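Beneath this line is the structure, given in structure tokens, with notes to follow.
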Amino acid sequence: SVVTIEAAISRTFRTSMEVFIDVWMEDRFSGERTKANEAIYTFVAVDDTGVPTEVPPLVPETELEKQRFEAALRRKQLSLVLAGKMKPHEATELKALFD
């Protein structure tokens, strides 16, 4: 089998970016391609001295990009709430899911 990894930035924030990764397996004989896994990583952009630096905004274009873009903010807010860095009532995108 051949393994292919496809990655795309799903959203940028002030100094970080969320990267959505799809992992595909392809049978070399039949050509059948199957999604094996997916992952979401968050990276912080740093300058040459290791200090976080701003990243340019991302404008989603396709429907999938727009869905991932919106979901990224909910994931970030959930992460901040769970880490105690954001109060639950401040997580406006999460609250909207339950209103």
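The values are calculated or read from the model by the stated rules, or taken from the named source; none is laboratory data. All of these numbers come straight from a predicted model, not from anything done at the bench. Cβ sites come from the backbone with ideal geometry, for glycine too, and all protein chains shown count toward neighbours. Ligands, DNA and RNA are stripped out before the accessible areas are found, and what is left, the full protein with its side chains, is counted by its heavy atoms. Shrake-Rupley method; radii C 1.70, N 1.55, O 1.52, S 1.80 Å.
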List residues of the range 21-51, by number, whose backbone nitrogen lies under 15 Å from a label position 7 Å along Cα→C-beta of Glu93.
40-43
Can you sort Leu78, Leu94 by 1.4 Å-probe accessible area, starting with the largest?
Leu78, Leu94
Please work out how much accessible surface Val81 shows to a 1.4 Å probe, ignoring ligands, DNA and RNA, in Å² rounded to 10.
40 Å²
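Using a 1.4 angstrom probe with every protein chain in place, what is the largest-first accessible-area order of Ser1, Ser79?
Most to least solvent-accessible, the answer reads Ser1, Ser79.
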Tell me, what is the 1.4 Å probe accessible area of Ile5, in Å² to the nearest 10?
120 Å²
Residue among Pro52, His89, Gln67 farthest towards the positive dipole end of the chain, charges placed on Cβ
His89
Give the cross-link partners of Lys87 among the lysines, using a straight C-alpha distance below 18 Å as the criterion and excluding same-chain residues fewer than 8 apart.
Lys76, Lys95
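In whole angstrom, how long is each semi-axis of the equivalent ellipsoid of the chain, when you take the square root of 5 times every eigenvalue of its Cα gyration tensor and sort them from largest down? Kindly include the intermediate steps, with their values, before the conclusion.
Values: eigenvalues 179, 72, 32 Å².
Ellipsoid half-lengths, sorted descending, are 30, 19, 13 Å.
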11 Å beta-carbon shell around Ala36, net charge (K/R +1, D/E -1):
-1
Accessible area (Å², 1.4 Å probe, nearest 10) - Asp47:
60 Å²
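With a cut-off of at most 15 other beta carbons within 10 Å, and DSSP calling the residue loop, which chymotrypsin sites (Phe, Trp or Tyr not before Pro) in the range 24-71 qualify? Please list them.
Numbers: sites: Trp24, Phe29, Tyr41, Phe43, Phe69; in loops: Phe29.
Listed in order of number, the matching sites are Phe29.
Considering only protein heavy atoms and a 1.4 Å probe, what is the carbon-and-sulfur percentage of the accessible area of the chain? Show your work: numbers first, answer last.
On the way: 4110 of 7340 Å².
Carbon with sulfur: 56 percent of the solvent-accessible area.
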Run the quick spin-label model on Asp22 and Glu63: label points 7 Å from Cα toward the beta carbon, then report their separation in nm to one decimal.
1.4 nm
Pairwise label distance in nanometres, Thr53 with Thr15, each label 7 Å out on the Cα-Cβ vector:
1.3 nm
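Quick check for you: with a 1.4 Å probe and neighbouring chains kept, what is the accessible area per residue of the chain, in Å²?
Numbers: 7340 Å² over 99 residues.
Result: 74 Å² of accessible area for each residue.
Could you give the size of the charge dipole of the chain about its Cα centre, using +1 on the Cβ of each K and R and -1 on the Cβ of each D and E, expressed in debye and rounded to the nearest 20? The partial results should precede the final answer.
Numbers: 13 positive and 17 negative charges, 89 e Å.
Result for the chain is approximately 420 debye, rounded to the nearest 20.
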If you keep only loop residues by DSSP, which trypsin sites (Lys or Arg not before Pro) in the range 1-89 have at most 11 other Cβ atoms within 10 Å of their Cβ?
Arg14, Arg28, Lys85
For the chain, what is the mean residue ellipticity at 222 nm derived from helices alone (per DSSP H run of n ≥ 4: -39500 (n - 2.57); sum divided by total residues; nearest 500 deg cm²/dmol)?
-8500 deg cm²/dmol
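So what's the net charge close to Glu26: Lys and Arg +1, Asp and Glu -1, counting the other residues with Cβ under 13 Å from its Cβ? It would help to have the intermediate numbers written out before the result.
Working: positive: Arg28, Arg33, Lys35; negative: Glu6, Asp22, Asp27, Glu32.
Value of the local net charge: -1.
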